[in-house]
Structure formats: C-alpha cells, structure tokens
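Here is the structure we will look at.
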Number of protein chains: 4
Amino acid sequence: MASSFGSLFRITTWGESHGGGVGVVIDGCPPRLPISLEAIQAELDRRRPGQSKITTQRKESDTVRILSGVNEDGLSLGTPISLLVMNEDQRSNDYNEMKDKYRPSHADFAYDQKFGIRAWQGGGRSSARETIGRVAAGAVAKMLLASLGVEVISFVERVHSISTEIDPLSVTIEDVESNIVRCPDLAAANQMIELIEKIRKEGNSIGGTIFTVAKGVPAGWGEPVFDKLEADLGKAILSLPACKGIEFGGGFGMTHLTGLEANDHYYSVANDTEIPDVATRTNHSGGIQGGISNGMPILIRSAFKPTATVLREQPTVDNQHQDTTLTGRGRHDPCVLPRAVPMVDAMVALVLADHALRQRALG
Amino acid sequence: MASSFGSLFRITTWGESHGGGVGVVIDGCPPRLPISLEAIQAELDRRRPGQSKITTQRKESDTVRILSGVNEDGLSLGTPISLLVMNEDQRSNDYNEMKDKYRPSHADFAYDQKFGIRAWQGGGRSSARETIGRVAAGAVAKMLLASLGVEVISFVERVHSISTEIDPLSVTIEDVESNIVRCPDLAAANQMIELIEKIRKEGNSIGGTIFTVAKGVPAGWGEPVFDKLEADLGKAILSLPACKGIEFGGGFGMTHLTGLEANDHYYSVANDTEIPDVATRTNHSGGIQGGISNGMPILIRSAFKPTATVLREQPTVDNQHQDTTLTGRGRHDPCVLPRAVPMVDAMVALVLADHALRQRALG
Amino acid sequence: MASSFGSLFRITTWGESHGGGVGVVIDGCPPRLPISLEAIQAELDRRRPGQSKITTQRKESDTVRILSGVNEDGLSLGTPISLLVMNEDQRSNDYNEMKDKYRPSHADFAYDQKFGIRAWQGGGRSSARETIGRVAAGAVAKMLLASLGVEVISFVERVHSISTEIDPLSVTIEDVESNIVRCPDLAAANQMIELIEKIRKEGNSIGGTIFTVAKGVPAGWGEPVFDKLEADLGKAILSLPACKGIEFGGGFGMTHLTGLEANDHYYSVANDTEIPDVATRTNHSGGIQGGISNGMPILIRSAFKPTATVLREQPTVDNQHQDTTLTGRGRHDPCVLPRAVPMVDAMVALVLADHALRQRALG
Amino acid sequence: MASSFGSLFRITTWGESHGGGVGVVIDGCPPRLPISLEAIQAELDRRRPGQSKITTQRKESDTVRILSGVNEDGLSLGTPISLLVMNEDQRSNDYNEMKDKYRPSHADFAYDQKFGIRAWQGGGRSSARETIGRVAAGAVAKMLLASLGVEVISFVERVHSISTEIDPLSVTIEDVESNIVRCPDLAAANQMIELIEKIRKEGNSIGGTIFTVAKGVPAGWGEPVFDKLEADLGKAILSLPACKGIEFGGGFGMTHLTGLEANDHYYSVANDTEIPDVATRTNHSGGIQGGISNGMPILIRSAFKPTATVLREQPTVDNQHQDTTLTGRGRHDPCVLPRAVPMVDAMVALVLADHALRQRALG
C-alpha cells in the first residue's frame, strides 16, 4: 500500500539511496503498447543528478533496464513491467555525522520515530533517489497517454522571486528543455540560473513553483467523490519530496473572486458532428468540474520548498534527543525545481493513465 | 474504489441528493470504542443546511441512525458501522431546467460525458449532500482520535477579502462555534457575515480559505512515499466539493524563503524521561517531514472557490450542446465556508485515524 | 477491506443479525444498466428463512429497498447502489444462554478472542443474515452478466449420502426452482427433502455439496497470477458461512488421472468467421486454464458442512473458559444447502462481473 | 492488483520465464525484523528445478539478491524489500513450435484471448518460474511468523494412487526434507519416487495432494466476512499453478457427517492463568470457525493436477484456430508436487503474516 500508487495502472516503487538499486514494478499497463526504453531513459536523464551546473554534482548515470513485461518486439505483454536502476556513486562517508544527528527539516527524526530504525546513508528511502521509479513508470504512462492524444507538460514557473508570465498553453516540451532550469521563458530562465548559482555558492537553497498543463484529456475522466481528479492529482504531486502546496485552475486566487467572476461559461464549438463539442470561455476550473475532466486543459500549480540541505551549521538534536549542531556537507541541490519538473510530469501522467483505464472499464 | 476512502479505517459513502437517502459504511473501526450518536448528530448539525441566515435555506434535519456495528451499550463491535440519513426536503421542480441545461462551473456536463446519464435533480451525487456520510464517519474518527489524545480544529480564516490573523494554535472548538460563520475572531466574523449577506442579496457568491490544526499527533504517523501525510490529507480535502487548493505549513509562502530561513531547527524539550521529547523552533514544515508527522501541530490551509450557483442568467449549453442561457433559481449557499468547516474536520480526522491504525500495525 | 469484496465491481456489506438491518453498497456498477428491484427481491426470496418446511422457521420478509444509484427510470447511474433490508423477527431471548457460553463449532469463541466484544444475539455478524447483502448485490451482478450473455446456475448436488448424477450443463434455473431443496433431479430431491425432515426432527443437521455452472463466459477473463479465476472464485465461495471445500473442473478427482488422461484437447469449431471458435473435447479444466477462462463452461463444486446448531446438549466452555454444557434451542436450519444455492450463485456472479470489467479496462 | 497479494504484508511479483529475471517486492514487512538471505535462498532451493531426478532437469541456480529494505545489519527497515533472481538457462528453441500452437491444458490459448499477445517462450508469466517471487517473499513471511511462534509445514500426502496416513501434527520440517518427494512417510515416499520415475520415462505426468499444518496461530486471526481465513488461504493456494481444489479441516469428507458428529467441542485447558486456554476435542473445523482462528492447528489439503506438459503427440489448434497436433518436447516435471510444497508453504505464510498485522492494527 504505502509504496504502491494507482488502481488500474498501478506502480510499486522500491529502493533506498544507498542500497543495491532502485526500481519500480508497473502492473496494469495494457498489452500491445510499444514501450521505448530510450524514452524511459530520456525521462530519467531529465531527473538525473549531475545533469547541469545548478543541480547536485552526485554522478550517477541512472541507466535503466527492463526486466519483464515487454517482449522482444518492444511491445507490452499486459504483465508487470519491472524497471531497474542499480546504485553507483555512494559516498557513505559524507553521511557519517547523520548517523547520530537529525538534519533539520529532513525526514531523519520522523523516520526514527516511525520505524525505530533508519537507513541513515543518504536518507535511505526519503532520498530523492526514490523518485527514479516514479519517473520511469511515468514515462510508460506517457506512452499510453500519447496513444490517447494526451500530453503532459510541466515547467518551472517561479524560482524564489523570479517568475515568468508566459502563457502555459503555448509551452512546448522543446521550450522546457531549451535551458537547464526548465523555464520556457529564456529571459526569466537566465535570471533563475544566475540566482541558483549564487545561492549554491552561499551554501543556501531556494524553492519555487512548477506549472503543469495536461492537454487533450477528454471530458469524463475522474470520479465523483473521493477520487476526484483534483484529489488524485493532488495526492500524486504532494507525495513528491519537498512539495508543500498545490492548486488547480484559479486555485487560491479564485477565492478573491465572486461566483459571477469565477464561473466558466460553456459554449458550443461549431464542428461537423451532430452533437458539437463544448468548451468554456474561461478556465478557472482548471479543466476539472465536480472532480471530472470537462475537456479543457488541466492546469496545476505546485509549490516546492527550498531544499532542506544547506551547507551551514544549524542547531538540532541527536538520536538521544540532546541538543547539538550539524553542518551540512557534500553535494546538494541548491534548488530542486529543475529536477522536479520530470517528477511532476510523471505523477500527473500516472494519475491520468489510471483514470483513462478506469473510464474504459465503465464501458 | 471511487466511493471508498482510507485503508484500515475505511469508509464507503453512497447517496444522491434526491434519492432515498445518503449514508456511509465505516469498516475497520476498532472494537470497544464508545460511539456517541449525539456526537455524530452534532457534527451533522454543523454541516446541515438551513442552520443560519448565511447558509442555504433548504430545510433538512439530517437525523442520523446507527444501523449496525455498535452494541446496546454503545460500544463498537469491530464490524462495519452503517450510518443512514433519509432525504426529506426535495423540491425537484426547482431543478427542471437543469434536466436539459448544464449549470456553469457545476458537474452536470462532466457527469453526462462520463456516465451518459445523470441524476439531474439537485446535482445527484455531486450535491454537497454527499458529504453527510463523510461528516458522520469523521465524527467516529474523531472519537478514535480523542482516545489517542488527538484533536482536529478547522475554522474559517478568510472570506473573500476579509481575513483573520488569529494564532491558529490558540483556537478552541468553542471559539469556532461562537458564531455562524465559524471564524474564531469575532470582529472578522461579523464583517464576514455582513459580506455574505450582502452577496446573498445580490444573488452572487464568494469563497475563501479554511485553516486546520491537528494537535497531539505523535511523531511517526504517515508513510515515506505515496501515502505521505501531505498526500493523503491533500487528497482528502481536495476531494471536497469546491476545494481548489491546499498547502501545508509554510506552503506557497515558503517558496519565497531560503533554506536557511525555512528550516525548522530541532531542540530538546526537558522532561523527566531518559530520552527527552523533541520539538522544532519554527513550524514551516507544518508538523510533517518526509511525509511523516514530527510531533508538532499539523497546519493546513485549504481554498474553497465561490459557490457555482448564482441567481443570475448566465450563458451555457444544453445537452445537445447548443448555446443557451440558464438562470439560477431556488436556494443556495452564497458562501460554502461555514458548512465546509466540519467537512474539512471530518476528512482530516479520517486520514489521521487511518494512519493511527496503520502505525499500530507496524508493531 | 474486511467487509468489501471485488476490485472494480465492488461491494461492501454491513449488518448484524439483531441490529437495525443489513445491507450492501455496490460501487462500480456501470451506468445505464436496467436494475430490477423485483429480480433483487426474487433472489432474496430464494435465500429467505422460513421459505419452506426444511429451512429455519425464523420469519422475515427480507424486503429490500434501493436507496441510491438508480434513477426514476430504473437505470443505474454509475454511482453507488445502496440496498437495505430492515431486521424484523428478533427473538433475543432465544440467545440468552449464548451470552456467556460458546456454541460448539460456531464463531462465538473466535469472535471474542478477536474483538474482545461480541454481538451475542443471533451470532451478530457471523449470522447467515450477513449474506443478504451478498445475495442482493449478486442479483445486480447477474443483471450485468446477463447483458453480456453470461448465466450462473447453482444447484444442490448432494445432501449427506443422497446425490444426483444429473448432467450439470443440462440444468436450468427452472429445474433448480422446481423443488424446495433446489436439486434439479426430482427423484433425488424428494429423498433429500425426506432426509432433511428426518434430521430436523432429531434436532441434528447435515451438509452436502453444491454444483455451479457458469455458461457464456468468453475466453480471456481472469488474471495470470494471484487473481486467477479459481483463486477469486475460491475465495468468494469459501467466504460463505459453513463452506469448507471447493474444487474446479476435475478437482480432487483429477489427481487420480495422468496428464494424458486429464489434458483437455482443443479443436476448431466450424463457423463462418475467419478465425473459428475453439473448444475442448473434455473439460477437466473446468473452463479455466492458467487462471483465465477458455470459453468452456466454468464448473465448480463446493462443500458445506452440517449446520453447527443442533438441538441437543453439548459440552463446551463459557466466557471464563470454564467447562460447561449448552443445549441448542429455537429455530435452526437442519441443512443449509437449499438456502446456500442463491448465495453461491451470488458470489460467482460477483466475481465474474468484476472480471468482466477488469477485462474491459484492458481495452 | 493482479500481481499483488495481501493487504498489510503485501507482495508484488513480476517476471516472465524467459525475460531478464523474476522477482518480488514485499511492502509492509515490519521494521527491525532479522532477515536471513540464507533462509530465503534455502526456500528457493526447495523450489528450484533440477534439484533431484524427479523434477525437471532445467538447470537454474535461482540465486536471490536483496536489493532494498534491509540494512547492513540484516534488519528490515520497514520499507519495501526487493528480491531479484536473474534468469539463466533459457533454451527458447525448445519452444519454437509453441509460438503458433497452443499446448493442451496450458494457458497459451487463454493468454492470447486475454491479451492479444503472448510471451510464448517457456510460457512467459504462466510459467512456474513466476512462483520464485512468492517463495522468496514467503520465506520472509515465515521469519515474521517465527517471531510470533507460528510454524507452517506442508508435505506431499498423496501422489496419484500412493498416499500416506501419517499424523500431520507429528510431521517436522526435517521429516519433509528427508527425501526428494517431500513425503514424511519414508515407505510411501519411496513408492512415490518410483512411480514418478516410471511416469517420467513414459513421458506422462501425475498429480496428487499436499497437506499443510499451521501451528501456533493464536485464536483471533482472520476476518468475519469476505476475508475469512479459509477464503484468504483458499485464494492463496488456488492461485498456484496446477491447483484445482482445496479443503479445510474435515472438508469434503465432513459433508458425510451429521452436525452431532462434526461439531468440535470446546474444553478448558488447565493452566496457571486466571482465564485458562481453550481447545477443542476434535478439529473438524481445521482451526478456523466463522473465518477466524480458534487456536487449534490450521489444517489444509490442496489438490494439484497432473502436469499439463506430456512428451507425446496430442491434438490441438494453432493460433489461427485450425486443428493440428503438438508433441511435447524438452524438460518437464512429471509431477509438480515435490516443488509445490514450498510454494504452498509460502502462500500460507503470506496469508498468516498479513492477518497477524491486521489483527495488530485492531489494537
């Protein structure tokens, strides 16, 4: 349960930062879907540490292998797809002090309270390395969605005080990948990169927001009550490390409008069919009404806090709960956002793939 | 699946706005817990329509019955607890026009696209009436939590432009219930009530934010990966009607801080035990680190959009997807927030009760 | 979990023998399916106590109500269908002695060990009354299956030493309902009825076997590993009160054959399609190979033990674990099989309906 | 779902016969449990092909690796335990004919009907190789159970016409492992081995029954309704390849008794505690009443059909559904029972470990 996600398109991830490896089992992927190992690797490369000067310098190639569920022609078999990435660059010595002391705003203390034991090297299961399985599985979900005409694009919208006002609907995946910070607005991107480098040199860290658009989702996906699209997408993204907030469509801003201002009015979209398509003039609803997609683009904004790891001395306690101090050392991401983009993409794709199959089951 | 929530403390809700009734089955409530029918009714009364001049005037007593799972001494049996509320005040005529026309920003269109059929009277399953089961089950979850020393308190923090700056940790349930808008700051509350009345007279609607504090949650509840507390609480609250955003602790605001500013430093809390308690100086983490509670209060802010129902003519389409207009009629909530408070309470309590049992299973 | 069954066509039952009522919530029934209240009631009438001289004389009409999920035209809405039967004939006095003493081979002792509390009147949740929800939900599953050309027929094959050798494939539902013991072979049926009456007069009880045929199941339903059809059907039927064994196709008998004797050979069934149908010469596999249906009839035999309630004095212990004796009193079923027939039908239908939807989700 | 099993102690298996490997992810294993790699390997060695002259001669060492979830001291971390066995001895050529023709009583045809695609080499996911993950995970479940005083012992009770009448409660694991057929009665074992060798030379196959005893299960494990112990154990074992029947305690035989003969009478077991233990004089219930353990040994008999692979020409159809013949070639198990023993052990252990945690969650 705790390590599985989804109901029909269902994944189970496993792996600690400093164990033998990390991976994911995808259960429920429909049969006869072309599975591209290259596309999976490409998504992992977007997530990989050491990919640029503004990410952690930990070097791991994160090369993925498909162990099952895909035949010799590259087609899914309908059986579980097992994806494996072995661990490589493990400098446990960097973490020796962490064995006894709890890093502020990290999971160390909470894990010890929960489990009474902790893989202290590199954070174990709380390491961002855990997201490899998600991103790999999300790549497969994207292949399923692409076959249904659905595309998910996330980008960095704001880093600390620097933001872009670009129209999210105009952003392409090429725009996102045009620079190392994954902001499709080059002017803003350059400022963000500059800021992140400055923060890194200071041993400090910053956060920001990621914006996601899902295009091509047909009206009718989602569920009426607990598994509303906002609920499932919210859970998906909030389960990512460092994510502390999420909003859909108008979100928090919509609470400053009145109903007359906020309502999205339907209109008929002329086409050749007997029953024309329907669209809304505005999209404060973010493509979701009553928890169910209405055919408009799904719009999501998520908040990622500054990385907890900073290279400074901070007060904390040890595992005997005595006051002490701890100084951050080694490699760290001064800003998680560039690497969080493929993670958010993956989680959104996983939710939509799952709901696509759920809708199919309705018949 | 779609109508069930939770893994060990698990509820299943059912019921349309204008069917025979609504209800909930609670599966997994531990045995020998005293279950108070009065306490369940009291929570439903906080959710009930017609409770004050600023809520919808639909009159339903929402009287709850316990049909199973509790013995003659009022103790839970460990078997499913079935709670039932019959429907009463059903003016289907108010909804005749809705049979063919889709209300803007309502679920009507999306439901038709999903199911190819729709209980058009009163919104069917998309009606806020669906939340009766949640609130009733949440009341039982609160009894379980109370036995573990955990208390959940939600209140209205902001209505449109009017907000309170009260310290959330100081708020009691009596403060919340001291006025009809459920804002513990009386000055702000009066302004909010005034604004809601004005908006109601205009046939318009407004939204706002609810703040929730969960006190007494021990360190160690939650899960490392997909079922992080933020993820499960986020899903729970985002599954409520009209909720469009959520944040934990510092939330979106924390993205404007650096790591050095945002990190919560642990310190030892002197007491008589060999291993002292631990607390943090600040609580930007909102009581959750790595998805697991750290013993500090859990802090949640959720955004509720303005009610979609407004008593004005609006452009829309009919079920043949032809342009038309629709004028809102009948009774409506000009602002959902006062009634959303017990709903948010319930969803938070359900998640925490579930994680309490999950932690117990770890041994 | 414990009270829910199925993954996509999912039911949750609730209710004790002597509480307010019993019922079921069906979640996942596809929309726009005609739901017949009469057909549900008819199945419940087959399960009802007091239906004949060979069943318990407890009198309850078991009248079912549909509270949600079906619209005014009798079509399913795609939302949860809640079915309710209120309790009526409750002679708690019959059970006073059971408050302190454990009935042999009943669940009383085990429940007390599990829950530390027990609804001692009538066995609470361990009462056969719990199966009302299953049978009602099974009736809905049968409607879905009928729309797919699938029929489930169970009948009493053996009562103690009296058995029929009738060809299961020839049995119709009318044959089953042609007599009160539900054995389609009238000669055997009369002997069975005579034996059951004799046993009843002796205050004793007997068991036997039920045979089930599911016709029209297309090849391809089921799952390769844990959710094999035998596994899911086995769980379904073994979860019925008093069921202690199950076998599929050749079952235990097939362990006396060699592979050359037991293998089912495929052959091509001439028809007008380019790819002809396939059948097997024999059906030792019982319509299931590798856990997946092969298009042949599914064949199941289940064993029901003699009713634990006998109207004699038996040694036992009390709730202080002291030796004592207990004399069975009141009304009882001398043989559960006639009433178990609709229960088995229901459980098989629920499993097949679930797998029908799971197969649909594959696309 | 389809590839996952259990609710709290939950496993997910993956892997085809001729892919990169096979494995399992165990989610929900409690933290701080000593995990012995040797003990896992020992169980796999009991399942391994080529282990004796009466099993298939396919040579694979089936060496298992622990990739996650266990720390450097061999203690479980409470996070997912990933176990991996790489594939080795793959003679795809043996299977060329199977690409187009369906083996009688194998899963080939049903898989093609279900998925529209099939890993034809070695049966893919329908291969007994799939059970490696189960057996490895079962070994971990046994470690958890051992820490709770529970032991699971399965043995071959009958091969075709040769059976043992040994008292199941007297059998030790050493008795089971004392010979290659895993029948604790040496005289019977020798006859069985002789018969299997004879059958193997004939290119034929045979089946039989396995008997399982679970000792030390405390009263109170199991659930009242759908997740009765018989139901969950039944599903578990019936999900194994070639299993076609199961019974508990008196099973099918009990249907020939009357209630007065079949009932198990409780008696007080003198000891020093205020509330003495309780036992039953007979154990027709097989240790389970009302779906819940009563503290007596759990008794299970399961039926395994003759292996479908026989080295003879048999009529069948090809994938165009045309009549043809197919001659079995290569290596095969003339009798699955010796290798099925550890599989049954594993499935029983998995169910009991799951229910142990579920009971713990009740508090």
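The values are calculated or read from the model by the stated rules, or taken from the named source; none is laboratory data. Because the structure is predicted, anything quoted here is derived from the model rather than measured. Virtual Cβ from ideal backbone geometry, glycine too; neighbours counted across all protein chains shown.
Taking A:ILE132 as the residue in question, decide whether it is modelled with pLDDT of 95 or more and surrounded by fewer than 24 Cβ atoms within 10 Å (Cβ to Cβ).
Considered against the rule, which asks whether it is modelled with pLDDT of 95 or more and surrounded by fewer than 24 Cβ atoms within 10 Å (Cβ to Cβ), A:ILE132 comes out as no.
Determine whether B:LEU337 is more than 7 Å from every other protein chain (Cβ to nearest Cβ), closer than 27 Å to B:ARG129 by Cβ and among the hydrophobic types (A, V, I, L, M, F, W, C).
Against the criterion (more than 7 Å from every other protein chain (Cβ to nearest Cβ), closer than 27 Å to B:ARG129 by Cβ and among the hydrophobic types (A, V, I, L, M, F, W, C)), B:LEU337 qualifies.
Show the residue pairs meeting these rules: Cβ distance below 6 Å; 6+ apart or different chains; first residue within region C:346-363 and touching a residue at least 12 places away in the same chain (Cβ under 8 Å); second residue part of a helix (DSSP H, G or I) and among the acidic types (Asp, Glu).
Close Cβ pairs satisfying both conditions: C:VAL351/C:ASP232.
If I go through region C:167-191 residue by residue, how many of them are surrounded by fewer than 18 Cβ atoms within 10 Å (Cβ to Cβ) and among the aliphatic types (A, V, I, L, M)?
Counting residues in region C:167-191 that are surrounded by fewer than 18 Cβ atoms within 10 Å (Cβ to Cβ) and among the aliphatic types (A, V, I, L, M) gives 5.
List the number of the failed condition for B:VAL225; all other conditions in (1) among the β-branched types (Val, Ile, Thr); (2) farther than 30 Å from A:LEU240 by Cβ; (3) crowded, with 22+ Cβ neighbours inside 10 Å hold.
Only one criterion in (1) among the β-branched types (Val, Ile, Thr); (2) farther than 30 Å from A:LEU240 by Cβ; (3) crowded, with 22+ Cβ neighbours inside 10 Å is unmet by B:VAL225, namely (2).
Would you check which residues across region B:257-280 are without any contact (Cβ under 8 Å) to a residue 40 or more places away in the chain and of a type in the set (A, V, I, L, M, F, W, C) and list them?
B:LEU257, B:LEU260, B:ALA262, B:VAL269, B:ALA270, B:ILE275, B:ALA279, listed by residue number.
Among (1) closer than 30 Å to B:GLN51 by Cβ; (2) more than 7 Å from chain A (Cβ to nearest Cβ); (3) not in a strand (DSSP E or B), which single condition is B:LEU326 missing?
For B:LEU326, the failing item is (3).
Pull up region D:301-311, narrow it to residues that are part of a loop (DSSP other than H, G, I, E, B) and facing chain C (nearest Cβ under 9 Å), then point me to the one that is surrounded by the fewest Cβ atoms within 10 Å (Cβ to Cβ).
By that ranking, first place goes to D:THR309.
With the condition kept exactly as written, say whether any residue in region C:143-158 is under 24 Å from C:SER61 (Cβ atoms) and at pLDDT below 95.
No, because not a single residue in region C:143-158 is under 24 Å from C:SER61 (Cβ atoms) and at pLDDT below 95.
Which one is farthest from B:GLY222 (Cα to Cα) among residues in region A:73-97 that are in a loop (DSSP other than H, G, I, E, B) and either within 13 Å of chain B (Cβ to nearest Cβ) or modelled with pLDDT of 95 or more (or both)?
Restricting to residues being in a loop (DSSP other than H, G, I, E, B) and either within 13 Å of chain B (Cβ to nearest Cβ) or modelled with pLDDT of 95 or more (or both), the top hit is A:ASP73.
Might you check whether a residue that is within 14 Å of chain B (Cβ to nearest Cβ), under 21 Å from the mean Cα position of the chain (by Cα), of a type in the set (A, V, I, L, M) and surrounded by 21 or more Cβ atoms within 10 Å (Cβ to Cβ) occurs anywhere in region A:48-58?
Scanning region A:48-58 turns up no residue that is within 14 Å of chain B (Cβ to nearest Cβ), under 21 Å from the mean Cα position of the chain (by Cα), of a type in the set (A, V, I, L, M) and surrounded by 21 or more Cβ atoms within 10 Å (Cβ to Cβ).
For residues that are in a helix (DSSP H, G or I), closer than 14 Å to D:ASN319 by Cα and of a type outside the set (Phe, Trp, Tyr), tally how many sit in region D:101-143.
Of the residues in region D:101-143, 5 are in a helix (DSSP H, G or I), closer than 14 Å to D:ASN319 by Cα and of a type outside the set (Phe, Trp, Tyr).
Step by step: first the residues of region C:223-274, then only those that are more than 7 Å from every other protein chain (Cβ to nearest Cβ) and among the polar types (S, T, N, Q), then the one that is farthest from D:THR12 (Cα to Cα). Which residue is that?
This residue is C:ASN271.
Could you say which residue among B:GLN320, B:GLN314 is farther than 30 Å from B:GLU174 by Cα, assigned to a loop (DSSP other than H, G, I, E, B) and within 10 Å of chain A (Cβ to nearest Cβ)?
Of the residues listed, the single one that is farther than 30 Å from B:GLU174 by Cα, assigned to a loop (DSSP other than H, G, I, E, B) and within 10 Å of chain A (Cβ to nearest Cβ) is B:GLN320.
Looking at A:GLY149, A:GLY74, A:GLY123, which one is on the phi > 0 side of the Ramachandran plot and surrounded by 24 or more Cβ atoms within 10 Å (Cβ to Cβ)?
None of the others qualify; the one that does is A:GLY123.
Among the numbered conditions (1) under 23 Å from A:PRO30 (Cβ atoms); (2) assigned to a strand (DSSP E or B); (3) of a type outside the set (Phe, Trp, Tyr), tell me where A:ALA146 comes up short.
(2)
Residue under question is D:LEU67, and the condition is that it be within 18 Å of A:GLY123 (Cα to Cα), buried (at least 22 other Cβ atoms within 10 Å of the Cβ) and either among the hydrophobic types (A, V, I, L, M, F, W, C) or at pLDDT below 95 (or both); does it hold?
Here the answer is yes, as D:LEU67 does meet what is asked.
If a residue must be touching a residue at least 12 places away in the same chain (Cβ under 8 Å), out of contact with any Lys or Arg (no Cβ under 7 Å at 6 or more places or on another chain) and assigned to a loop (DSSP other than H, G, I, E, B), how many such residues does region A:1-14 contain?
The number of residues fulfilling the criteria is 2.
For region D:318-333, how many residues meet the condition of being under 20 Å from D:LYS59 (Cβ atoms) and at pLDDT 95 or above?
So the count comes out to 0.
Let's see how each residue does on (1) within 7 Å of another protein chain (Cβ to nearest Cβ); (2) in a loop (DSSP other than H, G, I, E, B); (3) crowded, with 22+ Cβ neighbours inside 10 Å:
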| site | (1), (2), (3) |
| --- | --- |
| A:GLY19 | yes, yes, yes |
| A:GLY23 | yes, no, yes |
| A:ILE26 | no, no, yes |
| A:ARG32 | yes, yes, no |
| A:ARG46 | no, no, no |
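Has region C:281-300 got any residue that is touching a helix residue (DSSP H, G or I) at 6+ places or on another chain (Cβ under 9 Å), free of Cβ contacts under 8 Å to residues at least 24 places away in the same chain, more than 8 Å from chain D (Cβ to nearest Cβ) and under 26 Å from D:ASN319 (Cβ atoms)?
Within region C:281-300, one or more residues are touching a helix residue (DSSP H, G or I) at 6+ places or on another chain (Cβ under 9 Å), free of Cβ contacts under 8 Å to residues at least 24 places away in the same chain, more than 8 Å from chain D (Cβ to nearest Cβ) and under 26 Å from D:ASN319 (Cβ atoms).
Can you tell me which residues in region A:265-278 are in a loop (DSSP other than H, G, I, E, B) and over 15 Å from B:ARG312 (Cβ atoms)?
A:ALA270, A:ASN271, A:ASP272, A:THR273, A:GLU274, A:ILE275, A:PRO276
Among the residues of region A:98-143, which ones are more than 8 Å from chain B (Cβ to nearest Cβ), within 13 Å of A:THR13 (Cβ to Cβ) and among the basic types (Lys, Arg)?
Listed by number, the residues that qualify are A:ARG129, A:ARG134.
Report yes if some residue within region D:197-217 is surrounded by 18 or more Cβ atoms within 10 Å (Cβ to Cβ), under 30 Å from C:LEU299 (Cβ atoms) and without any contact (Cβ under 8 Å) to a residue 40 or more places away in the chain; otherwise report no.
no
Regarding B:LEU357, is this residue at pLDDT 95 or above, more than 14 Å from chain D (Cβ to nearest Cβ) and closer than 28 Å to B:TRP221 by Cβ?
No, not satisfied.
Output the residue which, of all residues in region D:29-51 that are out of contact with any Ser or Thr (no Cβ under 8 Å at 6 or more places or on another chain) and small (Gly, Ala, Ser), is nearest to D:CYS335 (Cα to Cα).
Taking the candidates together, the pick is D:ALA42.
Residue under question is D:ILE196, and the condition is that it be modelled with pLDDT of 95 or more, farther than 22 Å from D:ASP45 by Cα, in contact with a Pro (Cβ under 9 Å, 6 or more places away or on another chain) and aliphatic (A, V, I, L, M); does it hold?
It is false that D:ILE196 is modelled with pLDDT of 95 or more, farther than 22 Å from D:ASP45 by Cα, in contact with a Pro (Cβ under 9 Å, 6 or more places away or on another chain) and aliphatic (A, V, I, L, M).
Among the residues of region B:206-222, write down those that are more than 7 Å from chain A (Cβ to nearest Cβ) and either of a type in the set (Phe, Trp, Tyr) or within 21 Å of B:GLY250 (Cβ to Cβ) (or both).
If the condition is that a residue be more than 7 Å from chain A (Cβ to nearest Cβ) and either of a type in the set (Phe, Trp, Tyr) or within 21 Å of B:GLY250 (Cβ to Cβ) (or both), then B:ILE210, B:PHE211, B:THR212, B:VAL213, B:ALA214, B:LYS215, B:VAL217, B:TRP221, B:GLY222 are the ones that fit.
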